[in-house]
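Where a number appears in this text, it was derived from the coordinates with a stated rule and is not lab data. These numbers come from a predicted model, not from an experiment. For neighbour counting, all protein chains shown are included, and Cβ atoms are generated from backbone atoms with ideal geometry for every residue, glycine included.
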Amino acid sequence: MIGSPEEDGMIDTASIEASIQLEFHDFLRFQYFHTLRRLWIGLILLLLLLVGLILLLALTWISSPREIFTNVFSNFGQMLFFAGLGIFSLLGGPYIHARRMMRTTPELQEMTAFRISPELIQTRSATTRMECQWERVHFVQETASFFLLYFAPQIATILPKRAFHSQQEVQQFRELVLAQLGQKKFRKPGVVGRWC
C-alpha cells in the first residue's frame with residue numbers, strides 16, 4: 001500500500017487517497033462501456049447492410065416478382081441465425097472478455113491504493129507500483145460508476161467511485177482533473193457512460 005506522505009517523501013494537503021479491490025462487476029461495466037461506446041459504428045454498418053438488402057430485394061422484385069417471397073422465406077433461417085449471432089456477440093462478448101480478464105490477470109484483482117495529487121498520480125498494489133505525471137494522461141472519462149484514466153488511447157486504469165470516502169472527494173477529484181488536464185481532456189458521462 002502507499003505509505004504515509006512522510007514515508008513517501010511527499011507532504012501534500014491537496015492529495016486524494018483511495019483504496020479499492022476491483023471486482024467482476026467493475027470489469028463487466030468497463031467491457032460494456034467500451035463495447036457500447038463504439039456501437040454507433042455498428043449501427044451505421046447495420047444500416048448500410050439493411051439498405052443493401054432492400055436494394056437486393058428491389059432488384060429481385062423487378063426481375064421476378066413471384067419468386068421474391070420464395071427467396072426471402074427460404075433464407076429466413078440463415079438471416080435469423082446471423083442476427084442472433086450478432087446480438088450474442090454484442091451482449092455476450094463483453095461478459096466473456098471480463099471473465100477472461102478476471103481469470104488470466106489476477107494482479108488486476110489486488111487491493112490497489114491510489115494517491116492523486118496536483119503533481120502525480122500514484123498507484124500501488126502487492127505486485128505493481130506506478131507513478132505518472134498528469135502530462136502523460138491522454139484523458140479521463142467519467143461514467144456513472146467509475147473514472148477511467150487513459151494513459152494510452154486504449155489503456156485505462158479503472159478508479160471506481162466507490163473507492164472515494166465521500167461525494168466531496170469525488171467532486172474534488174473532478175476539480176483536480178479539470179485543473180490539471182482542462183475541459184478538453186475530461187469527458188463527462190455520455191449516453192453509455194450514464195448507464196455503465
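Brief remarks on what is shown
- A cut-off under 13 angstrom between Cβ atoms defines the neighbours of G92, and their net charge, with Lys, Arg +1 and Asp, Glu -1, is +2.
- At R0 = 25 Å, FRET efficiency that the Cβ-Cβ distance of A179 and M130 yields, to 0.05: 0.75
- Euclidean distance between Cα centres, segment 102-145 to segment 12-33, Å: 8
- Estimated FRET transfer efficiency (R37, A14; beta-carbon r; R0 30 Å; 0.05): 0.45
- Label-to-label distance, Q21 versus F151, with points set 7 angstrom from Cα along the beta-carbon direction: 2.3 nm.
- Summed side-chain charge close to A126 - residues other than A126 whose Cβ falls under 15 Å, Lys, Arg +1, Asp, Glu -1: 0
- Over segment 73-195, the hull volume per residue, using the convex hull of the C-alpha atoms, is 141 Å³.
- Two-site FRET efficiency, R194 against T104, from Cβ-Cβ distance with R₀ of 41 Å, rounded to 0.05: 0.85
- All other residues whose Cβ lies under 14 angstrom from that of H138 are scored, Lys and Arg at +1 and Asp and Glu at -1, for a net of +3.
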